[in-house]
Amino acid sequence: MPERTHVAIIGSGPAGLLLGQLLHKAGIDTVILERHSREHVLGRIRAGVLEQGTVGLIDEAGCGARMHREGLIHHGIELSIRGARHRIDFQALTGKSVMVYGQTEVTRDLMDARQAAGAPTVFEAQNVTPSGYDGARPVVRYTANGMAKEIACDFIAGCDGFHGVSRQSVPESALTIFERLYPFGWLGLLAEVPPVAPELIYVNHERGFALCSMRTHSRSRYYLQCDASEQVENWPDDKFWDELRRRLDQDAAAHLVTGPSIEKSIAPLRSFVAEPMRFGRLFLAGDAAHIVPPTGAKGLNLAASDVHYLAEALIDHCRGGSDQGLDHYSARALARVWKAERFSWWMTSLLHRFPDTGPFGQRIQLAELDYLVGSEAAATALAENYVGLPF
Ligand code: RFL
Ligand code: PHB
């Protein structure tokens, strides 16, 4: 006999875990199937900035206690342009702020809450295959410890990230893909050193973009724009710190505290949207449906807003209410997704060195940055998008 659940969730990243927790609170049972081990999932270093809406959802899921104790509230960011720093004051421009709290910690808090609630997760589930979602009885098949298993369910939530199986299980003819690959990547380094400045610094420099971010008062996260084909082995720590120092303004360069890296990795930069986000009883959420370049700090936050719409819709349905939420899920989510796609593309275009735009492109970039730091209207547009558009 197959196992049964209301909602089979594929993927135990922030999207799958948050959905699981919101549904659990509403009395809807779920099973999460995750390809990797818990330790592997918790070893990935990714996002660091949470919008207020995301913070609110984590609270709603009952998982916000440690985030409020340890997270850092940031009221603005700095832009470093031609060696001078300019502050964008979110609080003054929008009345809002963001929370610096690592995705790894969000994931850990959500996993702990799920475990405490006794809700099932199958880690190291192999060959996960969603099927039957165009009819009334979806089934997810998988292999665990060499044994073939299946879960019968009412709905499948595809929360399995960009490389996941959910989107790939949909016939190509049913999908429309929008994609842009950028001709560079981000080389990231995590180190147990105090951050160079109290707020994030986004750096536009002739040698390439850099970002100074952090996880705590004693742990920093730095990024350098690098060639798309670059290998992490070519970047010993000293070379990373030297290059970062060269891209920083004088004051930041003088205050930069360096130390051995805890983690170092290269991420490609991509914009990607798959439409629609619903196929019968299969719903895609988070990176499974869309990717943004990390420049606007939007990926995790978009996963959270998708989950907000999806949880609301599933709860309405399961309580015998209307199916409107399910019917409108894709359009609602995509409306917000595209605004974040635009913002992330714009921040990326504004701050990186593009190999093919030449001196004209660089002057346009500097003019736009100059406009941005000199115009309250332009700065407000950045601030409003960075702190997060309403759900
Ligand atoms: P995830 O986190 O990729 O989780 C998907 C999960 O599904 C599992 N999986 C499968 N499970 C079963 N069967 C299969 N066939 C499966 N295939 C995959 C995977 O193992 C995984 O556990 O997707 P999710 O939940 O949608 O979350 C999205 C976020 O992880 C992502 O958008 C952010 O990390 C993006 N991002 C940032 N977002 C922000 O909001 N703010 C930031 O500051 C920010 N910085 C970043 C980022 C992403 C980065 N990288 C590495 C691309 C910085 C970087 C460098
Ligand atoms: C991070 O801290 O990892 C981070 C912060 C802001 C971004 C991207 C990544 O825009």
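Each reported figure results from applying straightforward, stated rules to the coordinates on display, with no laboratory input. What you are looking at is a predicted structure, and each value in this text was computed from that prediction instead of being measured. No Cβ is skipped: glycine too gets one built from the backbone with ideal geometry, and neighbour counts run over all protein chains shown.
Summary table below
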| quantity | calculated |
| --- | --- |
| Loop-located GluC sites (Glu not before Pro) in the range 161-224, at most 10 other Cβ atoms within 10 Å (DSSP) | Glu206 |
| GNM top mover of Leu18, Leu200, Leu175 - the chain, alpha-carbon springs below 10 Å | Leu175 |
| Local electrostatic count at Ile177 - Lys and Arg +1, Asp and Glu -1, tallied over other residues with Cβ under 12 Å | 0 |
| Neighbourhood charge, 11 Å Cβ-Cβ cut-off, centred on Ser97 and excluding it, Lys, Arg +1 and Asp, Glu -1 | -2 |
| Estimated inter-spin distance, Ser322 and Ala253, nm [label 7 Å along Cα→Cβ] | 6.0 nm |
| Cα shape, the range 32-97, gyration tensor, a/c 1.5 rule | oblate |
| Cβ-Cβ FRET estimate between Thr216 and Asp370, R0 fixed at 45 Å, reported to 0.05 | 0.85 |
| Taking the range 128-196 and dividing mean pair separation by its residue count, relative contact order in percent (alpha carbons under 8 Å, at least six apart) | 22 percent |
| Paramagnetic reach from Lys239 (point 7 Å along Cα→Cβ, amide N under 12 Å) across the range 189-229 | 227 |
| Candidates Gly27, Gly164, Gly11, ranked by Gaussian network fluctuation over the chain, Cα under 10 Å, top entry | Gly27 |
| Computed Rg/Rh of the chain, alpha carbon atoms with Kirkwood Rh | 0.98 |
| Overall Cα dimensions of the range 67-166, principal axis frame, Å, largest first | 59, 31, 26 |
| Cβ-based net charge around Ala144, under 13 Å, with every Lys or Arg adding one and every Asp or Glu removing one | -1 |
| Under the Debye formula (equal points on every Cα, no solvent term), log10 I(q)/I(0) of the range 17-129 at q = 0.22, 0.23 Å⁻¹ | -1.23, -1.29 |
